[in-house]
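Read through the structure below, which is laid out as structure tokens, and then see the notes.
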Amino acid sequence: MATEYCDEKLKVIFLPFLSTSHIIPMVDIARLFAMHDVDVTIITTPAAAKLFQGSTNRDSSRGRSIRTHTVKFPASQVGLPDGVETFNVNTPLDMISKIGKGLSLLQGEFEQLFEDLKADCIVTDMFYPWTADAAAKLGIPRLMFLGGSYLAHSAQHSLKKYGPHKDMQSDTHKFAFPDLPHHLEMTRLQLPDWLREPNGYTYLMDMIRDSEKKSYCSLFDTFYDLEGTYQEHYKTATGTRTWSLGPVSLWVNQDASDKAARGHAKEEEEEEEGWLKWLNSKPEKSVLYVSFGSMSKFPSSQLVEIAQALEESSHDFMWVVKKRDDGDGFLEEFEKRVKASNKGYVIWGWAPQLLILENSAIGGLVTHCGWNTIMESVNAGLPMATWPLFAEQFFNEKLVVDVQKIGVAVGAKEWRPWNDFGKEVVKKEDIGKAIALLMSSGEESAEMRRRAVALGSAAKRAIQVGGSSHNNMLELVQELKSLRLERIHGN
Ligand code: UDP
């Protein structure tokens, strides 16, 4: 019996959360497992599957054992129109809690699937803390995908344990994080609301931390040369096991077809060729890429400041703008002007970010410090102007600017929820200053760029044979196979 099971592939189920920027890295991790001869089933809903089905289909045609199992989202039961089942920039406020409710209604069905599909282990997003108990019931390991950097999770652990932010005179006074490997400072205003004052999300995060302790291990999309110090710190501080498998996007998306098809990619090729033609007409490292991820939008007052900063800067730019950002059409006028002067290119909606970042014309980017984008910029060896907005992005900024010194802070002062504009409007002068420093030919900027290029090379080494993430992946699969054998033998 043991020999029979030894020959069988390890069966792993993945359950990603229903938001674009959690689906993207978790599906990449699932594809990474399939690349390593693991039999992979991704459980999700039909609308979420559309975000990645092309990639997994291509993997199947490459002979990998990967499939999607879709579960109907109970839209009508929670009062949602058909097809509204993921969290993204366009999700109306009143629908957010309904999607959450729909997801919780699916819990029983997900649990049944874990059992029916006879998985050897489950890998689930952090936002499903209940899966720790579900896996325990089946006697199989649960691996938890923790989005974000080790630094961000270490900083949150420091806040929870020592509460340095609690005794500050005001929200704008700086405090330092006790017990972190570097001296890092922030203000209370830059902290997520749930860390300033307990709310429902604080309660959810506590459940996530509990489930982390009950899990076999956590998976991170990062790599040793980028975050080794914080990886060690996090493991010691929390007493949990973790594996760093990044950069996953670089690892599994090696063909242009994979890079082009990610997320909400457009069907029409002509538009894509437009941006590519434009970038290819520009000198090396001359263009600034400006994007704020999949979840954020700005009020018009902020868009005006960005537009003016870009138009007044002495650098060409490519700016990704969400269609719903603009209230009064001034962006269309702006686009006409910068097109006529050939200074800028506006991408409306969704950009093929992986392809853009690897284009040699790109010299740096303005980013909201979403972890996926930071990893993708690091892969591409690019320096960043950092403009954190929500989630754990203000912590990520510290890694880029203060620890790795591959970025310049725009100077954002206020954290806000992803679906809220907040009060702060960053002025064009501050945006302009950061862009100028980022793209400048001065020695300080050149040093920053050299560091970014060196980290890009380290990212590529991490996933090659003998590299840190490559070794981790082989060890992890081996460990999971041994666990399966122990389970079968009843040890
Ligand atoms: N992304 C993209 N095109 C876009 C916007 C986003 O390809 O126009 C991808 C980006 O490459 C990254 C993810 O979506 O993989 C965004 O994740 P991130 O963590 O950077 O930010 P979030 O969306 O969570 O704010």
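Look through the range 56-82, keep the residues that are within 20 Å of Ile13 (Cβ to Cβ) and β-branched (Val, Ile, Thr), and return whichever of them is surrounded by the most Cβ atoms within 10 Å (Cβ to Cβ).
Among those that are within 20 Å of Ile13 (Cβ to Cβ) and β-branched (Val, Ile, Thr), it is Ile66.
Looking at the range 393-426, which of the residues that are crowded, with 23+ Cβ neighbours inside 10 Å and not hydrophobic (A, V, I, L, M, F, W, C) is farthest from the ligand (Cβ to nearest atom)?
Residue satisfying both the conditions and the ranking: Lys398.
Keeping to the range 190-209, report how many residues are assigned to a helix (DSSP H, G or I) and either touching a Lys or Arg at 6+ places or on another chain (Cβ under 7 Å) or of a type outside the set (A, V, I, L, M, F, W, C) (or both).
Of the residues in the range 190-209, 9 are assigned to a helix (DSSP H, G or I) and either touching a Lys or Arg at 6+ places or on another chain (Cβ under 7 Å) or of a type outside the set (A, V, I, L, M, F, W, C) (or both).
Which of the residues spanning the range 279-291 are touching a helix residue (DSSP H, G or I) at 6+ places or on another chain (Cβ under 9 Å), surrounded by 18 or more Cβ atoms within 10 Å (Cβ to Cβ) and not small (Gly, Ala, Ser)?
Leu279, Val287, Leu288, Tyr289, Val290
Of the numbered conditions (1) among the aliphatic types (A, V, I, L, M); (2) in a helix (DSSP H, G or I); (3) modelled with pLDDT under 95, Ala265 satisfies every one except a single condition; which is it?
Just one mismatch for Ala265, condition (2).
For (1) closer than 28 Å to Tyr150 by Cβ; (2) within 16 Å of the ligand (Cβ to nearest atom), each residue gets a yes or a no:
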position: Pro283; (1), (2): no, no
position: Lys336; (1), (2): no, no
position: Trp350; (1), (2): no, yes
position: Leu357; (1), (2): yes, yes
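Determine, yes or no, whether Leu288 is over 28 Å from Lys433 (Cβ atoms), assigned to a strand (DSSP E or B) and away from the ligand (no atom under 15 Å from the Cβ).
Answer is no for this residue.
For the range 377-392, which positions are at positive phi and within 11 Å of the ligand (Cβ to nearest atom)?
Ala391
Which of the residues belonging to the range 71-101 are basic (Lys, Arg) and at pLDDT below 95?
Answer for the range 71-101, where residues must be basic (Lys, Arg) and at pLDDT below 95: Lys98, Lys101.
From (1) more than 16 Å from the ligand (Cβ to nearest atom); (2) under 22 Å from Val304 (Cα atoms); (3) out of contact with any Ser or Thr (no Cβ under 8 Å at 6 or more places or on another chain), pick out the condition that doesn't hold for Tyr345.
Only one criterion in (1) more than 16 Å from the ligand (Cβ to nearest atom); (2) under 22 Å from Val304 (Cα atoms); (3) out of contact with any Ser or Thr (no Cβ under 8 Å at 6 or more places or on another chain) is unmet by Tyr345, namely (1).
Table: residues versus (1) at pLDDT 95 or above; (2) more than 29 Å from Val123 (Cβ to Cβ); (3) under 22 Å from the mean Cα position of the chain (by Cα).
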| site | (1), (2), (3) |
| --- | --- |
| His173 | yes, yes, no |
| Phe177 | yes, yes, no |
| His183 | yes, yes, no |
| Leu191 | yes, yes, yes |
| Met207 | yes, no, yes |
| Lys213 | yes, no, no |
| Pro247 | yes, no, yes |
| Asp255 | no, no, yes |
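Are any residues in the range 136-167 without any contact (Cβ under 8 Å) to a residue 60 or more places away in the chain and aliphatic (A, V, I, L, M), and if so, which ones?
Leu138, Leu159
Consider Glu85 carefully, then state whether it is more than 22 Å from the chain's Cα centre (by Cα) and of a type in the set (D, E, K, R).
no
Only one residue in Thr242, Thr229 is out of contact with any Cys (no Cβ under 8 Å at 6 or more places or on another chain) and either modelled with pLDDT of 95 or more or of a type in the set (Lys, Arg) (or both), so which one is that?
Thr229
Considering each residue of the range 230-250, count those that are closer than 13 Å to Ala155 by Cα and among the polar types (S, T, N, Q), and give that number.
Counting residues in the range 230-250 that are closer than 13 Å to Ala155 by Cα and among the polar types (S, T, N, Q) gives 2.
If Ser257 passes every condition in (1) within 16 Å of the ligand (Cβ to nearest atom); (2) assigned to a loop (DSSP other than H, G, I, E, B) but one, which one does it miss?
Failing condition for Ser257: (2).
Residues checked against (1) modelled with pLDDT under 95; (2) acidic (Asp, Glu); (3) touching a strand residue (DSSP E or B) at 6+ places or on another chain (Cβ under 8 Å); (4) more than 16 Å from the ligand (Cβ to nearest atom):
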site: Met26; (1), (2), (3), (4): no, no, yes, no
site: His36; (1), (2), (3), (4): no, no, no, yes
site: Val40; (1), (2), (3), (4): no, no, yes, yes
site: Lys50; (1), (2), (3), (4): yes, no, no, no
site: Gly54; (1), (2), (3), (4): yes, no, no, no
site: His69; (1), (2), (3), (4): no, no, yes, yes
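For the list (1) within 15 Å of the ligand (Cβ to nearest atom); (2) at pLDDT 95 or above, I need the number of the one condition that Asp325 fails.
For Asp325, the failing item is (2).
Ile13: crowded, with 19+ Cβ neighbours inside 10 Å, within 15 Å of the ligand (Cβ to nearest atom) and either aliphatic (A, V, I, L, M) or outside any loop (DSSP other than H, G, I, E, B) (or both), yes or no?
Judged against the criteria, Ile13 is not a match.
The values are calculated or read from the model by the stated rules, or taken from the named source; none is laboratory data. Note that this is a predicted model, so its numbers are computed, not measured. Neighbour counts run over all protein chains shown; Cβ positions are idealised from the backbone, glycine included.
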